[in-house]
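Read the structure below first, then the notes.
The values are calculated or read from the model by the stated rules, or taken from the named source; none is laboratory data. This one's a predicted model, so the numbers in the text were calculated from it and none came from an experiment. So basically every Cβ, Gly included, is an ideal-geometry build from the backbone, and we count neighbours across all protein chains shown.
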Amino acid sequence: MNLQSRLLAAVSSSQSIATAQRARDLIAQGHDIVSVTIGEPDFPTPPAVIEAAFAAARQGATRYTPVPGTAALRCAIAGKFVSENGMAYDPDGEVFVATGAKQVIYDALTATLNPDDEVVVFAPYWVSYPTIARLCGATPVIVATRAENGFVPTAEELASALTPRTRWVMLNYPNNPTGAVATRAQYEALAQVLEARPDVFVLSDEIYEHIRYDDRPFTSFGSVSEAMRTRTLVVNGVSKAYGMTGWRIGYAGGPRPLIAAMAKLQSHVTGGASAIGQAAALAALGSDPGLLRERAAEYRARRDLVLNRLANCPALEALEPKGAFYVFVRMLDAARTGGKAVDEFLLDHGVAVIAGDGFGAPGWFRISIATSIEELERACARIVAAFGA
Ligand code: PMP
């Protein structure tokens, strides 16, 4: 008997989660391994947010909430979209809360895709985009972007991927794994191509919005034009910005019919996100933005350290990330791994990374900088030793 459905059997578990778990297991068994795998802030949830969650639970935030999220949280999210992104969404019908950004994305694709629809995914990509599309029976159309362009797709690359069957285009800047951040001009070029395709939705995953390394203002894809706003689902969440991965709260702003479809689905799947988690997210969105700037500065110092250490290694070329908390590294001399997959090879040298293959980028690997400077020093020393200084 085949336990798994045909669709599930055709996909694999999240490679990054599996590699991170393997490293944790090896460390627990006493192996000397430095893990720079996991995409999770090492900063704690702000204490005031934890207190707000306790208070909310005591005051009765222990019941089902409205399916698309509590009214208070949806209002705060709409306020965030206005003040930070210049986009007006009606909290009642154009804002949606789910169990992590991951579930927002799952809800959006599952609510809209039919078998044979196509989802354009730019490589390198976050592993879950093509997988979720496949779970819907749709076809991910993987489009390579180029390191020379900072891994942001050009208008031509987008245009070449669109077919009459295209239903979604997935965007993710700041990007996991490359750290690329798209400029407004780059977005405008993509928007021009999409103007002609009102039947195509854009999912802009902006979960790393607050982790950026230059002072350029951030552009949300939904703010590029009114036409784009009406067909873009802007996805965000509290996981990465506030060190709240375990609270499982993600959110989105988008066109009313799409949000309604997602809520219809969610009413059967989870019924809505955790009430306590939503109270905590509300407190986070109301917290001092200075905290986000402090954390971005800390990530920047770590990024600079990793770039500096890897510059000593002629066999590697690290791409300078403009945002998110990863450094993506190209192997210039793949023979150095002696035929082994890079994650296996580096594990032999005491450091766990995520191989680029799972991101659609063979020949590369990802270092997470969401870990202390000391750990990053050790990781880099081992990587440089493995590839030869
Ligand atoms: N999008 C991207 C690009 C991510 O890297 C992640 C987390 N790894 C998510 C979404 C999911 O975030 P959440 O914890 O809100 O589900």
| note | Restricted to the range 45-94 and to residues being of a type in the set (Lys, Arg) and surrounded by fewer than 20 Cβ atoms within 10 Å (Cβ to Cβ), the residue farthest from the chain's Cα centre (by Cα) is 58
| Checking residue 67 against (1) within 16 Å of the ligand (Cβ to nearest atom); (2) aliphatic (A, V, I, L, M); (3) in a loop (DSSP other than H, G, I, E, B); (4) farther than 30 Å from residue 366 by Cβ, which single condition isn't satisfied? | (1)
| field | Complete set of residues in the range 262-275 that are assigned to a helix (DSSP H, G or I) and either outside the structural domain of residue 80 (by TED's automatic domain parsing) or more than 16 Å from the ligand (Cβ to nearest atom) (or both) | value | 263, 264, 265, 267, 268, 275
| message | Looking at the range 220-261 only, could you name the residues that are among the hydroxyl-bearing types (Ser, Thr, Tyr), part of a helix (DSSP H, G or I) and more than 12 Å from the ligand (Cβ to nearest atom)? | response | 223
| Could you say which residue among 126, 168 is part of a loop (DSSP other than H, G, I, E, B), surrounded by 18 or more Cβ atoms within 10 Å (Cβ to Cβ) and not charged (D, E, K, R)? | 126
| said: Given the criteria more than 16 Å from the ligand (Cβ to nearest atom), under 19 Å from residue 220 (Cα atoms) and either assigned to a loop (DSSP other than H, G, I, E, B) or of a type in the set (Ser, Thr, Tyr) (or both), does residue 90 qualify? | reply: yes
| Test for residue 107: is it in the same structural domain as residue 238 (by TED's automatic domain parsing), of a type in the set (Asp, Glu) and without any contact (Cβ under 8 Å) to a residue 60 or more places away in the chain | no
| Residue under evaluation residue 76, criteria (1) within 30 Å of residue 384 (Cα to Cα); (2) in contact with a Leu (Cβ under 9 Å, 6 or more places away or on another chain), criterion not met | (1)
